[in-house]
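Take a look at the structure set out below.
The values are calculated or read from the model by the stated rules, or taken from the named source; none is laboratory data. Since we're looking at a predicted model, the values are computed, not measured. Note that we place each Cβ from the backbone using ideal geometry, even for glycine, and neighbour counts take in every protein chain shown. Note: areas computed on protein heavy atoms with side chains; ligands, DNA, RNA excluded. Shrake-Rupley method; radii C 1.70, N 1.55, O 1.52, S 1.80 Å.
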Amino acid sequence: MSEVRVAGQKLVVEPGANLLDALQSAGLPVASSCRAGHCQTCLVRSESEAVPASARAGLSAAQQQAGWLLSCQCTVAADLEVQLLDPSRDATPATVHSVDRLAPSLVRLRLVAQRPMRFAPAQHLTIWLNDRLARPYSIASLASDPWLEFHIRVHPHGVFSQAISRVEAGETVHLGAASGHLQFDTQWLDVPLLLLARGSGLAPLQALARDALDRGHRQGIALWHWHSDADNGCYLGDALLELQHANPSLVLQFRHASQLSQDLKTLRIASRRTVALAAGSPSFVEQLRRPLFMAGLPGRQIIDEAFATSKA
Ligand code: FES
């Protein structure tokens, strides 16, 4: 058996146990979401050399040096001393600027960070309401915008989404560090972009399109959005049409989810140099891979981000 010392407690755990499971089973306040090493919601800190390298994979050098690790990716192989993340100490406070409805079950949350934050549009970060209630969301705004924007699907029984949809202007939440590979790369300035979003997957991809255009992207950008009945069409339709009006190289396709399969059968890419970026549910992202490959795109030119499936 191994011992995990944390928050004044000594937890006795089976060798090979998952650290996140051990902490949550003990009733300790550790939030989690993807449980797959992507979202960074489950961060804890430990200086122990017994932490496997895989538990720090994907973290920045600064995070690793500070001892942070992803508890969902940490197998307990020896005794460990662990510090829990305290959002009020370890995350960036942000003031709620506004919360408004984009669609019946979709809210737009705008936050003003109380300290400078480094991020790229379309990356994701964790929003903490308190030390147990946290969720990662994609950044839907640019660094030049006066706020950080997020599009949040509100689920009828989602504890986090229900709570965040009721926050009021002036309240404080806390933000984790931005991370994730979904972001515009200036090496793509002369490369056509194919952006494929379903539902609130539009949040990061419209931000990426705006970022690309702001940086002087010189090739075509095709942005496809598949929506369900719940959203009454593309929830950002008017804003995107305005963006297209100012940037004729942007081609928009607003489609109903029922048209997705047929659309993928007829998918054509502008050039073999095209980079495709996709965001949405895991099944949506999975559904795209084969048609994109069959259309001639090698795997390295397909970048996707699947949202966590649990309805938080
Ligand atoms: S819950 Fe551990 S990285 Fe997402």
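Odds and ends about this structure:
- The residue pairs whose first member lies in region 26-37 and is on the phi > 0 side of the Ramachandran plot, whose second member is of a type outside the set (Gly, Ala, Ser) and part of a loop (DSSP other than H, G, I, E, B), and whose beta carbons are closer than 9 Å, counting only pairs six or more residues apart or on different chains, are Arg35/Cys42.
- Residue-level analysis places Ser271 among those that are surrounded by fewer than 19 Cβ atoms within 10 Å (Cβ to Cβ), over 14 Å from His181 (Cβ atoms), touching a residue at least 60 places away in the same chain (Cβ under 8 Å) and away from the ligand (no atom under 16 Å from the Cβ).
- Residue check for Phe284: out of contact with any His (no Cβ under 9 Å at 6 or more places or on another chain), surrounded by fewer than 20 Cβ atoms within 10 Å (Cβ to Cβ), of a type outside the set (S, T, N, Q) and part of a helix (DSSP H, G or I): no
- Taking (1) farther than 20 Å from Ala279 by Cα; (2) open to solvent by 30 Å² or more (accessible area, probe 1.4 Å) in turn, Ala239 satisfies each apart from (1).
- If the condition is being under 13 Å from Gly201 (Cβ atoms) and crowded, with 19+ Cβ neighbours inside 10 Å, then region 287-307 contributes Leu288, Asp304, Glu305, Phe307.
- Candidates Leu106, Leu84, Leu125, filtered to the one that is within 15 Å of the ligand (Cβ to nearest atom) and surrounded by 19 or more Cβ atoms within 10 Å (Cβ to Cβ): Leu125
- Residue count for region 44-62 under the criterion of being among the polar types (S, T, N, Q) and over 20 Å from Asp90 (Cβ atoms): the result is 1.
- As for region 154-162, it holds no residue that is part of a strand (DSSP E or B) and closer than 27 Å to Arg210 by Cβ.
- Considered as a group, the residues in region 203-234 that are basic (Lys, Arg) and outside any helix (DSSP H, G or I) include one that is nearest to the chain's Cα centre (by Cα), and that residue is Arg215.
- Selection from region 152-174 of residues that are touching a strand residue (DSSP E or B) at 6+ places or on another chain (Cβ under 7 Å) and open to solvent by less than 10 Å² (accessible area, probe 1.4 Å): Ile152, Phe160, Ser161, Ile164, Val173
- Residue match in region 235-246 (condition: over 30 Å from Ala91 (Cβ atoms) and either in a loop (DSSP other than H, G, I, E, B) or among the small types (Gly, Ala, Ser) (or both)): yes
- Test: residue in region 87-94 that is more than 20 Å from the chain's Cα centre (by Cα) and closer than 26 Å to Val154 by Cα: yes
- Conditions (1) over 21 Å from the mean Cα position of the chain (by Cα); (2) touching a residue at least 12 places away in the same chain (Cβ under 8 Å): number failed by Glu242: (2)
- The set of residues from region 196-233 being farther than 21 Å from Pro104 by Cα, in contact with a strand residue (DSSP E or B) (Cβ under 6 Å, 6 or more places away or on another chain) and open to solvent by 10 Å² or more (accessible area, probe 1.4 Å) comprises Ala222, Trp224.
- Considering region 20-36, the residues that are small (Gly, Ala, Ser), within 9 Å of the ligand (Cβ to nearest atom) and surrounded by 16 or more Cβ atoms within 10 Å (Cβ to Cβ) include one that is nearest to Gln9 (Cα to Cα), namely Ala31.
- Where a residue in region 182-209 is over 24 Å from Gly58 (Cα atoms) and its partner, wherever it lies, is open to solvent by 10 Å² or more (accessible area, probe 1.4 Å) and assigned to a helix (DSSP H, G or I), with Cβ under 7 Å and at least six apart: Arg198/Ala257
- Out of Ala77, Ala53, Ala62, one residue alone is more than 14 Å from the ligand (Cβ to nearest atom) and farther than 28 Å from Gln123 by Cα. It is Ala77.
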